[in-house]
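The values are calculated or read from the model by the stated rules, or taken from the named source; none is laboratory data. None of the values given here were measured: they were computed from a predicted structure. Using ideal geometry, Cβ is built from the backbone for each residue, glycine included, and neighbour counts are taken over all protein chains shown. All accessible areas refer to the heavy atoms of the entire protein, side chains included, with ligands and DNA or RNA removed. Shrake-Rupley method; radii C 1.70, N 1.55, O 1.52, S 1.80 Å.
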Protein chains: 2
Amino acid sequence: MAVEIPADELPQVLVLAPPADFSSLESQFPNRFHFLKPWFSKLPLLQFLTSYAQSAPALLVSPGDRLAVSSNILDCLPSLKLVVTISAGVDHLDLPELRRCGVAIAYAGNLFSEDVADMAVGLLIDVLRKVSAGDRFVRKGLWPTKGNPPLGLKLSGKRIGIVGLGKIGSEVAKRLEGFGCKLSYNSRTKKPIVSYSYYSNVYELATNCEAIIICCGLTKETRHMINREVMLALGKDGVMVNVGRGAIIDEKEMIQCLIEGEIGGVGLDVFENEPEIPEQLFTLDNVVLSPHVAVTTKESMEGLVKLATDNLEALFANKPLVSPFVD
Amino acid sequence: MAVEIPADELPQVLVLAPPADFSSLESQFPNRFHFLKPWFSKLPLLQFLTSYAQSAPALLVSPGDRLAVSSNILDCLPSLKLVVTISAGVDHLDLPELRRCGVAIAYAGNLFSEDVADMAVGLLIDVLRKVSAGDRFVRKGLWPTKGNPPLGLKLSGKRIGIVGLGKIGSEVAKRLEGFGCKLSYNSRTKKPIVSYSYYSNVYELATNCEAIIICCGLTKETRHMINREVMLALGKDGVMVNVGRGAIIDEKEMIQCLIEGEIGGVGLDVFENEPEIPEQLFTLDNVVLSPHVAVTTKESMEGLVKLATDNLEALFANKPLVSPFVD
């Protein structure tokens, strides 16, 4: 029979703010960590940290926290050795500050790549073939009275551009090969082992493609990289899918282009100010809106708990991290 | 300058009932045929045929006609040599009667296969990953207040069963290979050149798969082939996509299984009594409803006009049909 260790004797893991489903997440962690949960305390966050988290070596964060891990927080955590973020993106972390403090980062790595790629293809088919719009059409009872809905566009054989050919972009490409698509990509550098056409900037990519799929991370360089010029280059039948980060697209310009018919449609899993979304998007039929779920499946959530546990246990056992983020 | 031939001197093509978009379709046909359009006449159909279509050698039909091409119609068309159906299915044609009358059939053949396969994969991703449901969730403004929607299921790596491994089924399989899916299939006979697992009946297929995609035609044998037993074998997380014909699934039993949670979800492009759909389906969130558009894209409609034209011209030039249906 396993002996239950008192919580106080377990290694401390600070959770900055509860992930949306932390209670269910926590129940899946083995009896292995003592989670410090400042949101249950009446103290202001920084005071809680100063009072209770001085010796916490590990911090668990999620991109939904809205609390950037930056100097004011790190200054209260002198024992911090590791931040485990349950995300593939790290734009909610102050990387230079973490580096300065000597704090390592473990992240979801490639855990989500397949799920995100599946969703990207799903959104692409949905926008081109008007799947969600067709579902709305049928549910409103319009089929018997209005007859056929507007025609969709074919996916097979289309020229598709992938923005960011990392793990996710490569998985998207692999899937689209099965559809006979002609693939090209944009990334910081040309990949020597890839046969797809390379364009050194997104404008050229959009000019030469019928659809683009945004799979890159958000950085200073990629913020609003998809601007009006890129959308005009994509053209009136052109389609965009975004499974990266919302702010990679200039959202205001995108809405203008959609309303003016300057682009054909968009499938978005991410938004500039999610979960708030510009209401104008709700009125458009050539838009598929997804509540940032490209990474979340039953399977990926189970894998995430295991990966976070494995990284924390590696820290406490002085072993190499399972999925370290290397800047 | 091309000389316009008077309509009366052009070869006659009878159109039994207008396809939903016949006026736009007709405008795309070259000035090559004289279309007889009984729906513009005050005469009852059979009387119109007897009066005006005695010498018509060709008949253009679409599966949406709701007028089966059967003996009462064929008896009025003694000169008929060819039925051109703008569909890949032929279940609206009385094949024995056409054979008896010596009338050839041209059909859409494989023209739609890629589009249908694209849509099948799109519906599969939509049901598993809850794309349309997510779009509804966001458009209703629920994201900021309700937080995360229910988790979807992963597609990559899933065991997928294909019902009917003809041209469409094979195209679906090709696409799903890119997602790392483990494929198996059911068909009348085992295909010697295919490496996917073969099951001689759909019950066994459903038992061994997490999702099935129905790609076969409607025949006496396949009507209600997907019955309650098959759905129970598929199981509570199991998913079905139907791009074949509605009546292949026992729709009443399917609705019962969905309501009882006996299957996980369905993506349907076809229905037993379309465009009428059981309203119970409108209330279910694990259902994607598509108004029979798997075959219709801007590109396929253009290809269809060309194929119909080529078949009709082949008839009038005494040449072999471009896409004959061979029973």
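First measure r as the distance between the Cβ atoms of A:Ser27 and B:Leu284, then evaluate 1/(1 + (r/R0)^6) with R0 = 22 Å and state the FRET efficiency to the nearest 0.05. Could the numbers behind the result be given before it?
Details: r = 29 Å, r/R0 = 1.32.
With a Förster radius of 22 Å, E is 0.15.
Could you order A:Leu14, A:Leu45 by accessible surface area, starting with the largest, using a probe radius of 1.4 Å?
Numbers: A:Leu14 0, A:Leu45 45 Å².
Final ranking, largest accessible area leading: A:Leu45, A:Leu14.
Using only protein heavy atoms and a 1.4 Å probe, report how much of B:Phe271 is accessible, in Å² to the nearest 10.
Here the residue's solvent-accessible area equals roughly 10 Å².
Just how much of A:His224 is accessible, in Å², when a 1.4 Å probe is used and the result is rounded to the nearest 10?
Roll a 1.4 Å probe over it and A:His224 shows about 70 Å².
Run the numbers for B:Lys146 and B:Asp75: contour at 0.36 nm per residue of separation, minus the present Cα-Cα distance, in nm.
Values: separation 71, 0.36 × 71 = 25.56 nm, distance 6.31 nm.
Full extension from B:Lys146 to B:Asp75 adds 19.2 nm.
Using a 1.4 Å probe over the heavy atoms of the protein chains, calculate the carbon and sulfur portion of the accessible area of chain A as a whole percent. Intermediate values should be presented prior to the final figure.
Details: 7500 of 14320 Å².
Using a 1.4 Å probe with all protein chains present, chain A comes out at 52 percent carbon and sulfur.
Based solely on its DSSP helices, what 222 nm [θ] is calculated for the protein assembly as shown when runs of n ≥ 4 H residues each add -39,500 (n - 2.57) and the sum is averaged over all residues, nearest 500 deg cm²/dmol?
Numbers: 24 runs with 216 residues, N = 654.
For the protein assembly as shown, the value works out to -9500 deg cm²/dmol.
Which value, in Å² rounded to 10, gives the accessible area of B:Arg228 with a 1.4 Å probe and all protein chains present?
The value for B:Arg228 is about 60 Å².
List the residues, sorted by chain then number, that are 5 or more residues from B:Gln12 or on another chain and whose placed amide H is less than 5 Å from its amide H.
Close amide H contacts, sequence-distant or interchain: B:His34.
Given a Förster distance of 51 Å, report the FRET efficiency between A:Lys236 and A:Ala317 from their Cβ-Cβ distance, rounded to the nearest 0.05. Can you show the working numbers first?
Working: r = 58 Å, r/R0 = 1.13.
Approximately 0.35, to the nearest 0.05.
What spacing in nm lies between the two simple spin-label points modelled at A:Ala17 and A:Glu260, each 7 Å away from Cα in the Cβ direction?
3.6 nm
Tell me, what is the FRET efficiency for B:Arg228 and B:Lys174 to the nearest 0.05, using R0 = 45 angstrom and their Cβ-Cβ distance as r?
The computed FRET efficiency comes out at 0.90.
Holding the Cα-Cα limit at 24 Å, pick out from A:Lys81/A:Lys298; B:Lys298/B:Lys319; A:Lys220/A:Lys252; A:Lys140/B:Lys140; A:Lys298/B:Lys146; A:Lys140/B:Lys167 the pairs that are longer than that.
Numbers: A:Lys81/A:Lys298 30 Å; B:Lys298/B:Lys319 29 Å; A:Lys220/A:Lys252 18 Å; A:Lys140/B:Lys140 15 Å; A:Lys298/B:Lys146 19 Å; A:Lys140/B:Lys167 33 Å.
Exceeds cut-off: A:Lys81/A:Lys298; B:Lys298/B:Lys319; A:Lys140/B:Lys167.
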